[in-house]
Amino acid sequence: MLSKHVITHVLEAALSTNADFAEVFIEDKFQTSASLLDSKIDKVNNAKISGIGIRVARDYHVVYGYTNSKKEDDLVQLATDLAQSFKGESRGIKVELGELQSEQAHKVKILPSEVPIEDKVAILKRADKAARAYSDEITQVSVRYADYVQNVWIANSKGTYVKDQRVRTRLAIGSVASNEKTKQQGFNGPGGFYGFEIFEDLIDVEEAAKEASRIAIQNLHAEECPSGSMPVIIDNGFGGVIFHEAVGHSLEATAVAKGASVFTGKKGEKIASELVTAIDDGTIPNGWGSATYDDEGNKQKRRVLIKDGVLKSYMIDDLNAKRMDEPGTHSGRRESYRYAPTSRMTNTYIDNGESTFEDIIKNTEYGLYAKKMGGGSVQPATGDFNFAVMEGYIVRNGEIQEPVRGATLVGSGKDALQKIDMVGNNLLRAQGMCGSASGSIPTDVGQPTIRVSEMTVGGRKGAN
């Protein structure tokens, strides 16, 4: 950790020309990753990551540099070099850092950095054993374990001076089921802003592994999905990945401020069914995407993005706030000291409605029930998406019928929002990693069960 005196000196060097903002981001991180494949330990890695990023700006023009050195002379030289991008006389901005703020909103019981690696490897082996025991048709299991303790200090020329500690732990299991005709996969990856206590308080290792194998076996014996336009019921939890990718990214200032989003200039307009209220909340206790502060040193907060179908807010970092001439929403995030922050999601979800899961199924004459979503791709400028369904079923005459595999959902975020005609009351969140301009960061996706009245479903069985 640098002294307050050194940080101040670096900020002053960054403001030695015509810049109007400077920031120092200091990171010390200890992380463990381990994986198991074919019942053998494939990789175990402990790493200590340490570095400092310096951001210098004038209006919304930014330069960024980073270093592993903590020597004052090296840091001042880096800040001075970055400042040369803004020619002209110094604006005379005086750097006055306040007292260090270090409130921790998310409590952790057992820091994973203090847990022996043997205990973490044991988790891998337990998951592998449980996944394989589910069925003789499970032919391959891969298990990954990851944790980290990240300490960051953020100081800037506006006087911000905060420390935050983020602790995250996650287990991911992939199962493959095979027979003489095909191979099918299942996946489950729970995690959270927890230490090693997550395996006592939240994650049942054996049950998490069985769930991955259950999905694989279900797909192994499912029929190919028919194709066509039909109602689609998307289940709670990871079903929210479509909203995250096809709508959430289009509400980030990174796209909105440059006019590269279909939702630019739509604030106050109805962009979704009146049944839709969507939220990005970085304050959820121990949420996978939560933190006490964002990566610009602002207190995290709850942001209502869409209320009853009306666009209420974008997600805006401090510098894009200047470009948009709007208040920031404390949405600056970054993977590490190697990245400048920009607007990103935290825990993003569609809020509960009033329908029960049973009502949604009962009121669907024919359609696809997407119980588990897989990966997909999105065209950021338009929100056009293509997502795989990991586990699906045909709904016929108000009842869940035969399982189907190989389904894909094709559409656009803005159209799908308008066609949501039922919203359940069973909100659930699930964990993922989100990649964008400021690196890969943990984010929760979530929703209750929803029904989209019409969506294009791709499948190998042909038109229904």
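Tabulated values for the structure
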| item | result |
| --- | --- |
| Any hit, the stretch 271-279, residues being outside any loop (DSSP other than H, G, I, E, B), open to solvent by 10 Å² or more (accessible area, probe 1.4 Å), of a type in the set (A, V, I, L, M) and out of contact with any helix residue (DSSP H, G or I) (no Cβ under 6 Å at 6 or more places or on another chain) | no |
| Scan of the stretch 338-372 for residues that are over 13 Å from the mean Cα position of the chain (by Cα), surrounded by 24 or more Cβ atoms within 10 Å (Cβ to Cβ) and either within 13 Å of Ile234 (Cα to Cα) or aromatic (Phe, Trp, Tyr) (or both), ordered by number | Ile350, Ile360, Leu368, Tyr369, Ala370 |
| Those residues of the stretch 303-333 which are surrounded by 24 or more Cβ atoms within 10 Å (Cβ to Cβ) and hydrophobic (A, V, I, L, M, F, W, C), in sequence order | Leu305, Ile306, Met315, Ile316, Leu319 |
| Residues of the stretch 1-59 that turn out to be touching a helix residue (DSSP H, G or I) at 6+ places or on another chain (Cβ under 8 Å), assigned to a strand (DSSP E or B) and hydroxyl-bearing (Ser, Thr, Tyr), as a count | 2 |
| Members of the stretch 181-216 found to be open to solvent by less than 30 Å² (accessible area, probe 1.4 Å) and part of a helix (DSSP H, G or I), listed by number | Ile198, Phe199, Val205, Ala208, Ala209, Ala212, Ser213, Ile215, Ala216 |
| Residue within the stretch 134-148 that is in contact with an Asp or Glu (Cβ under 8 Å, 6 or more places away or on another chain), more than 14 Å from Asn188 (Cα to Cα) and open to solvent by 50 Å² or more (accessible area, probe 1.4 Å) present | yes |
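For every residue, the table says whether it meets (1) under 30 Å from Gly406 (Cα atoms); (2) open to solvent by 70 Å² or more (accessible area, probe 1.4 Å); (3) more than 23 Å from the chain's Cα centre (by Cα); (4) not charged (D, E, K, R).
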| site | (1), (2), (3), (4) |
| --- | --- |
| Glu72 | no, no, yes, no |
| Glu96 | no, yes, yes, no |
| Ile123 | no, no, yes, yes |
| Lys129 | yes, yes, yes, no |
| Gln150 | no, no, no, yes |
| Gly159 | no, no, yes, yes |
| Val167 | no, no, no, yes |
| Arg170 | yes, no, no, no |
| Ser178 | yes, no, yes, yes |
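Residues are listed down the side, and each one gets a yes or a no for (1) without any contact (Cβ under 8 Å) to a residue 12 or more places away in the chain; (2) open to solvent by 10 Å² or more (accessible area, probe 1.4 Å); (3) touching a Pro at 6+ places or on another chain (Cβ under 7 Å):
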site: Met422; (1), (2), (3): no, yes, no
site: Asn426; (1), (2), (3): no, yes, yes
site: Met433; (1), (2), (3): yes, yes, yes
site: Ser438; (1), (2), (3): no, no, yes
site: Val445; (1), (2), (3): no, no, no
site: Pro448; (1), (2), (3): no, no, no
site: Val457; (1), (2), (3): no, no, no
site: Arg460; (1), (2), (3): no, yes, no
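The values are calculated or read from the model by the stated rules, or taken from the named source; none is laboratory data. Keep in mind the model is a prediction, meaning the values are calculated, not measured. When we count neighbours, we look across all protein chains shown, and the Cβ atoms used for this are built from the backbone with ideal geometry, even at glycine. To get the accessible areas, we keep the full protein, side chains included, count just its heavy atoms, and leave off ligands, DNA and RNA. Shrake-Rupley method; radii C 1.70, N 1.55, O 1.52, S 1.80 Å.
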